[in-house]
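K.L.:
Here it is, the structure in full.
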């Protein structure tokens, strides 16, 4: 999922979330110019939880890890249900991939990429469709995310702890955190805003690409139509499941 959805979920699961919760809930996606891979940031939840429990005096890191857990795929956070598995064994992959599959060819074309890249891009566009509705419901989510990412002292504190866990330079981790607000949308009030952000992300990841912002915007609108029938059901199912995981993983 994208930033607003992750902040929305944190606000459902944490009473009075603090900046570290918000920073944690988007940290797994802070991969731009960072030293970690997608599997490292999305599948290291148990390792981070153990580190947090081994340092009980570090309340900010504990809050950060709570946020990370709500996001990732191991243990099963929001991205597990969006990307990996939802209502299995009847369905293939997670919810965003399921709803995005019919848009895969069009997504590849809109992004100026090969056909085999289309399904991944389509699932991103489905996730972006959630951003429109969730931001309209809770626009303050964007402000909370922006404030957390602007907290330099918090980012440096968390980066120092993460450097111990992953064995990479704290400065490189902090740089990725500072870079993040430049490559996402914290106030996605319009589909054109999301399309522009996604086109920039595609160009960054695939320098050979030629994304068409207007075509991407139309696909996000189509994705929004596709999720409308079971939008609330997916969010409710994911919220209940992630809440149970949190209580099991990080008391």
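K.L.:
Need the full-extension length gain, residue 88 to residue 46, defined as separation in residues times 0.36 nm minus the C-alpha distance. One decimal, nm. Provide the component values of the computation, followed by the final result.
P.N.:
On the way: separation 42, 0.36 × 42 = 15.12 nm, distance 2.34 nm.
Computed gain between residue 88 and residue 46 is 12.8 nm.
K.L.:
Would you mind ranking 2, 78, 166 by Cβ crowding within 10 Å, fewest neighbours first? Let's see the in-between values first.
P.N.:
Values: 2 23, 78 28, 166 18.
Ascending Cβ contact count within 10 Å gives the list 166, 2, 78.
K.L.:
Sticking with this one: Can you pull the one-decimal nm distance between simple spin-label points at residue 178 and residue 208, each 7 Å off the Cα toward Cβ?
P.N.:
Going from the residue 178 label point to the residue 208 one covers 3.3 nm.
K.L.:
May I ask you to compute the full-extension gain from residue 164 to residue 233, defined as 0.36 nm times their residue separation minus their alpha-carbon distance, rounded to one decimal in nm? Don't skip to the answer; put the middle values down first.
P.N.:
On the way: separation 69, 0.36 × 69 = 24.84 nm, distance 3.91 nm.
Gain in length upon complete extension: 20.9 nm.
K.L.:
Here's something else I'd like to know. Please give, to one decimal in nm, the separation of the simple spin-label points placed at residue 241 and residue 12, each 7 Å out from Cα toward the Cβ.
P.N.:
Those two pseudo-labels are separated by 1.2 nm.
K.L.:
Ok, one more. For residue 187 and residue 248 in one chain, what is 0.36 nm times their gap in residues minus the Cα-Cα distance, to one decimal in nm? Numbers along the way, then the final one.
P.N.:
Details: separation 61, 0.36 × 61 = 21.96 nm, distance 3.29 nm.
Working it through step by step, the gained length comes to 18.7 nm.
K.L.:
Same structure, new question: Determine the calculated [θ] at 222 nm for the chain from helices alone, applying -39500 (n - 2.57) to every DSSP H run no shorter than 4 residues and normalising by the residue count; nearest 500 deg cm²/dmol. Show your work: numbers first, answer last.
P.N.:
Values: 14 runs with 165 residues, N = 251.
The per-residue figure over the chain is -20500 deg cm²/dmol.
K.L.:
If a/c stays under 1.5 just call it rounded; otherwise compare a/b with b/c (prolate if a/b is bigger, oblate if not). Do that for the stretch 144-251, with a ≥ b ≥ c from the square roots of the Cα gyration tensor eigenvalues. List each step's numbers first, then the result.
P.N.:
Numbers: a/c = 2.29, a/b = 1.22, b/c = 1.87.
Oblate is the answer for the stretch 144-251, as a/c is 1.5 or above yet b/c matches or exceeds a/b.
K.L.:
I've got another one for you. Between the helical axis of 152-166 and the dominant principal axis of the chain, each derived from Cα atoms, what acute angle in degrees is found, rounded to the nearest 10?
P.N.:
90 degrees
K.L.:
Moving on to the next point. Starting from the Cα gyration tensor of the stretch 104-143, take the square roots of the eigenvalues, sort them a ≥ b ≥ c, and report rounded, prolate or oblate (rounded when a/c is under 1.5, otherwise prolate if a/b is larger than b/c, else oblate). If you can, show how the numbers build up before the last one.
P.N.:
Details: a/c = 4.11, a/b = 3.59, b/c = 1.15.
It is prolate, given that a/c is not under 1.5 and a/b is the larger ratio.
The numbers here are math on the coordinates, done by the rules we state, and not lab data. Remember, it's a predicted structure, so these values are computed and weren't measured experimentally. Ideal geometry is used to build each Cβ from the backbone, glycine not excepted, and the neighbour counts take in all protein chains shown.
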